[in-house]
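To start, the structure itself, in C-alpha cells.
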Amino acid sequence: MHPILFIVFLPLLAAIIAGLGNKQLGNVPAKVLTTGALFIACALSWPIFIGFLTGSAEASVIPVLKWVQSGAMSWDWSLRVDSLTAVMLVVVTSVSALVHLYSWGYMSEEPDQPRFFAYLSLFTFAMLMLVTANNLVQMFFGWEGVGLASYLLIGFWFRKPSAGAAAIKAFVVNRVGDLGFMLGIFGCYLVFGTVSIPEILNAAPSMAASTIGFLGYRFDTMTVICILLFIGAMGKSAQLGLHTWLPDAMEGPTPVSALIHAATMVTAGVFMVCRLSPLFETSETAMHFIAFIGACTCFFAATVGCTQWDIKRVIAYSTCSQLGYMFFATGVGAYGAAMFHLFTHAFFKALLFLGAGSVIHSMHHEQDMRFYGALRKHIPITFWTMTAGTLAITGVGIAGFVGFAGFYSKDAILEAAFGSGTAVGGFAFWMGIAAALMTSFYSWRLVFLTFFGKPRWIQSEHIQHAVHDAHGHGHDDHAHDAHGHGSAAEEDAGESTDHHDAHAHAAPALGVSGPNYDTHGDGTGGYHPHESPLVMLVPLIILAIGAVAAGFVFQHAFVSEGTGEFWKGALVFHEHLIHAMHGVPTWVKWAPFTVMALGLLTAWYGYIKNLSFPKAVAEQLGPVYTFVYRKWMFDELYNAIFVRPAFWLGKVFWKVLDIGVIDKFGPDGAAWVVARGSTYAQKVQSGYLYSYALVMLLGLVGAISWVIAG
C-alpha cells in the first residue's frame, strides 16, 4: 500500500474520531490521536520528498475509488504524487504536526480541546486532498474543504462576536473568489471535454489561438480560463481586492493563524497556478495580470504592516505581502522560485506566528506591541527563535556567502523579475524592492518594540488584570476570558489597533484606565513574564532550524541548478530565465541586501535610538499615515459598496417582499380568509331549526330562480 494513502487519510480518521468523540473521548486521547496521526504523516512525507530530491523517485498516480460516471463525463478519486506534490506534502504535514504539538501548551486551558484538534486535522486532510488532486473537481473538493475548516477554526471561539464576524467574512470573501474558480473549471470542461489535469495541460497549447464567447463578446479562450482560475487563487491566497479576510482571521487562536497563514490555505492559490503552469503559459495577458496583481499586493500589504500595532496583524500583512512575491514570480514564469519561496516562507512564517503566540502567552494575552518592551531577558528562547525568523524573512545574507532562508528565495524572485526583461517584470522588481525595504522595517520594528527598550507592561489592561490578581484581589479568570469566554476587553482584541489613536506611538500616552500597581517604578508593576512550556518551545526551535537552513540546503534543487531536473515536468521550468537571473547586473544582486540594511537601521533609529522619531513622521505624513493605517480604506469602501447595500436589500426583501407581499397574499392572506370566513360561518351555525329552514328556503328559491333565468 502506497504511503500517500496513510499521509492523506490518517488526519481524516483522527479528525472523525476526535470530533465525534469530543468531550466523551477526553482532551488527552484526542490530542494524542490527532497529533500522532500528523507526526506519522510527516514522517512518511519526508522520504517521498527526499526521493525526488535525490532523483530516485518518479511521478505516480494512486487510484482510490471510482467517483463519477455520467455519460461522457467521468472522473476518479486518485492521488497524484510528483515533485510538486512532494514539496507541499512536507510543508503541510511538517507545519501542521508542529502546530498540533504547540497547541498542547497554547490551548491547555481551553475546555473544547477535542473539537479544536479535530478541526486542525480536518483542515490538514482538506489541504492534502487539494495538493494530491489529479483532476480539477478533486482539487475543488480540497479547495472548499480548507475554506470550511478555516471558517470553523477562525470562529472557534464562537462566543466572541468579533470571531464569528471574522469567520463569516473569510467565508464570504472566499466564496467570491471560488465563483471565479468554478467558472474556470466549467470553462476547462467546456473547452477540453475533461477535468483531468494531465489531459488539460497536454491539450492546452493546441487551444492557444482560439477564442470563446463570453458576456456577448469574443475573447481569447486561454486568457478567460486562466484569469477565472486566478480569481479563485486571489481569494484563497488573499491578493489585492480579495485580501480583506486575512487580517481579520487573526481572531482565531494563534496556532490557527500559523496553520492558515504559513503553509496551508493561503499557499493553495500559488500551488494551483504552479500545478497548472502549462495552461497559464498559453496566455501572456493572464501572466501579466498575475504579475501585476502580485506586485501590487506585496507593496500594499507591506505599507500597512509598517503601521499596525497588533503583533499578529503585522505578521498577517507580512504573509499577504510575501504571497504577492510568490505570485509575481509565477507571473514572470519563475515557478520554481515561487515554490522555493513558498517552501522557505512556511518555516519562517510559522515560526513568527508561533513565536508571537509565545509572546502573547507570556504577556497574559496582550497583543498590542506598545505594551511590550524588554522581553528578551525574560523569554530568551522565544526571542532568539523569533530573531532567526526575522533574519529569514528580511533576507539577511551576503552574495557569495551563506544566508538565511529568505535571502535565497526572495532574491531569486527579484532577480527573475528583473531578468524577465518585460515591462511588468520590471514593475514587479521595483515594487518588490520597495516591499523588501518595508518588510525589513516592520519586522525589526516588531523585534525592537517587543524585546528591547524599557518595559511598558503595566499600561496594559491585560497585565493590570494579572497584577491585580497577583495582589490577591480576585481569582484569575482572565486567562479563561482571553480565550473568548466572557471578557469584553478581549472580545475586541483582534480590533485593538483600531481602538487606539492612530498617531499614538508611545504606550504611556495611551492612558489605560484602571488601578496602577507599578510600585516598582520600572514599567513592570512587578509582573514577571514567563517563558512558554517546552511543548511550545520545541516547535519554535525546529522551525528556527528550517528558517536558518532551508535556503542554502535546497536552493540548487528548486532554482539554481538551471535544468529543472528536480521538478521532472511537474511545472514549467524556463532554463533561459535561470541564465538571465545569473546574468543580472551586480547592483540588482545587492539591492535586496541594501534595502534590508536600510530598513533595519530605520527601525533601530526610530524604536531604539530616537523614540520620538516615529510619532514625528506620522504627524508629518498626516492623512497619508491615517490612510495606510486604516488599510487603504478597503474595509470602509467595501462596507459602503457591498455590505450596506446588501443589508438594505435584504431588509427590503424581508419587510416589503416577504412580509408585505408574499406573506400578505400567501400564507398570511390565506389564513386571514379562513379565519374571517370561519367567523361568518360560525354566525350562520346558530343551532336553531328555523334558521336552518330559512337558509334552505333561500337556497331553494335561488336554485329555482337560476333554472328559470337559464
Pseudo-spin-label distance Q24 to T594, built 7 Å along Cα→Cβ, given in nm, is 6.7 nm
Protein-only accessible surface order, largest first, of R159, R630 at 1.4 Å: R159, R630
Helical mean residue ellipticity (222 nm; -39500 (n - 2.57) per DSSP H run of 4+; nearest 500) of the chain: -21000 deg cm²/dmol
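Highest first, please rank the peptides 94-103, 355-364, 108-117, 568-577 by the mean number of other Cβ atoms sitting within 10 Å of their residues. Walk me through the intermediate numbers first.
Numbers: 94-103: 27.4, 355-364: 25.4, 108-117: 19.6, 568-577: 18.0.
Ranking, from highest mean packing down: 94-103, 355-364, 108-117, 568-577.
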Heads up, I need the accessible area for M431: 1.4 angstrom probe, whole protein in place, Å², nearest 10. 40 Å²
At the level of C-alpha centres, the distance separating the stretch 537-610 and the stretch 215-263, in angstrom, is 24 Å
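Using 0.36 nm per residue of separation minus the Cα-Cα distance, give me the extension gain between H582 and A549 in nm, one decimal.
On the way: separation 33, 0.36 × 33 = 11.88 nm, distance 2.19 nm.
Additional length available on full extension: 9.7 nm.
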Calculate I(q)/I(0) for the chain by the Debye formula, one identical point scatterer on each C-alpha and no solvent, and give its log10 at q = 0.05, 0.07 Å⁻¹ to two decimals. -0.28, -0.50
Taking a probe of 1.4 angstrom, what is the accessible area of I608 in Å², to the nearest 10? 60 Å²
To the nearest 0.05, how large is the calculated FRET efficiency for K664 and A165 if R₀ is 25 Å and r is the Cβ-Cβ distance? 0.15
Karplus-derived 3J(HN,Hα), 6.51/-1.76/1.60, for each residue of the stretch 444-458, Hz, glycine and proline x: 6, 4, 4, 5, 5, 5, 7, 10, 10, x, 9, x, 10, 5, 5
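How much accessible area per residue does the chain have, in Å², with a 1.4 Å probe? Provide the component values of the computation, followed by the final result.
Working: 28120 Å² over 710 residues.
About 40 Å² of surface per residue is accessible.
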Eligible lysines near K349 by straight Cα distance, threshold 16 Å, same-chain separation 8 or greater: K312, K410
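Multiply the residue separation of W632 and E109 by 0.36 nm, subtract the distance between their alpha-carbon atoms, and state the gained length in nm to one decimal.
Value of the extension gain: 184.5 nm.
Students often get this wrong, so check it: of K160/K615; K169/K655; K23/K160, which have C-alpha atoms separated by over 27 Å?
Numbers: K160/K615 33 Å; K169/K655 25 Å; K23/K160 21 Å.
Too far apart for the 27 Å limit: K160/K615.
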Which percent of the accessible heavy-atom area of the chain goes to carbon and sulfur, probe 1.4 angstrom? 69 percent
Longest principal axis of the chain (C-alpha) makes with the long axis of helix 586-604 (C-alpha) an angle, in degrees to the nearest 10, of 80 degrees
Distance in nm between pseudo-label sites at A209 and A675 (7 Å out along the Cβ direction from Cα): 7.3 nm
Please give the solvent-accessible surface of C188 in Å², to the nearest 10, using a probe radius of 1.4 Å with every protein chain present. 0 Å²
Which angle from 0 to 90°, rounded to the nearest 10, does the C-alpha axis of helix 335-362 make with the longest principal axis of the chain? 80 degrees
Order by accessible surface, 1.4 Å probe, largest leading, for residues F292, F429 comes to F292, F429
Helix 83-106 sits off the longest principal axis of the Cα atoms of the chain, rounded to the nearest 10 on a 0 to 90 degree scale, by 80 degrees
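To the nearest 20 Debye, how big is the dipole of the chain about its Cα centre, given +1 on the beta carbon of each Lys and Arg and -1 on that of each Asp and Glu? Kindly include the intermediate steps, with their values, before the conclusion.
Working: 34 positive and 42 negative charges, 128 e Å.
The calculation lands at about 620 debye.
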For the stretch 669-683, take each phi angle, set θ = phi - 60°, evaluate the Karplus expression 6.51 cos²θ - 1.76 cosθ + 1.60, and give the result in whole Hz per residue in order, putting x for glycine and proline. x, 4, 4, 5, 4, 5, 5, 5, x, 5, 5, 5, 4, 5, 5
Which order do K655, K589, K410, K66 take by accessible area at a 1.4 Å probe, largest first? K66, K655, K589, K410
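Taking 0.36 nm per residue of separation and subtracting the Cα-Cα distance, what length does fully extending S56 through V137 add? It would help to have the intermediate numbers written out before the result.
On the way: separation 81, 0.36 × 81 = 29.16 nm, distance 3.03 nm.
Additional length available on full extension: 26.1 nm.
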Would you work out the charge dipole size for the stretch 86-244 about its Cα centre, treating the Cβ of every Lys and Arg as +1 and the Cβ of every Asp and Glu as -1, and quote it to the nearest 20 debye? 280 debye
Output wanted: per-residue J couplings in Hz (rounded whole) for the stretch 240-257, from phi through Karplus 6.51 cos²θ - 1.76 cosθ + 1.60, θ = phi - 60°, x for Gly and Pro. 3, x, 10, 9, 5, 6, 5, x, 5, 5, 5, 5, x, x, 4, x, 5, 4
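The values are calculated or read from the model by the stated rules, or taken from the named source; none is laboratory data. Note that the structure is predicted; figures quoted are calculated from it, not measured. Every residue, glycine among them, receives a Cβ derived from its backbone with ideal geometry; neighbour counts consider all protein chains shown. Please note that ligands, DNA and RNA were not included when accessible areas were found on the heavy atoms of the full protein model with its side chains. Shrake-Rupley method; radii C 1.70, N 1.55, O 1.52, S 1.80 Å.
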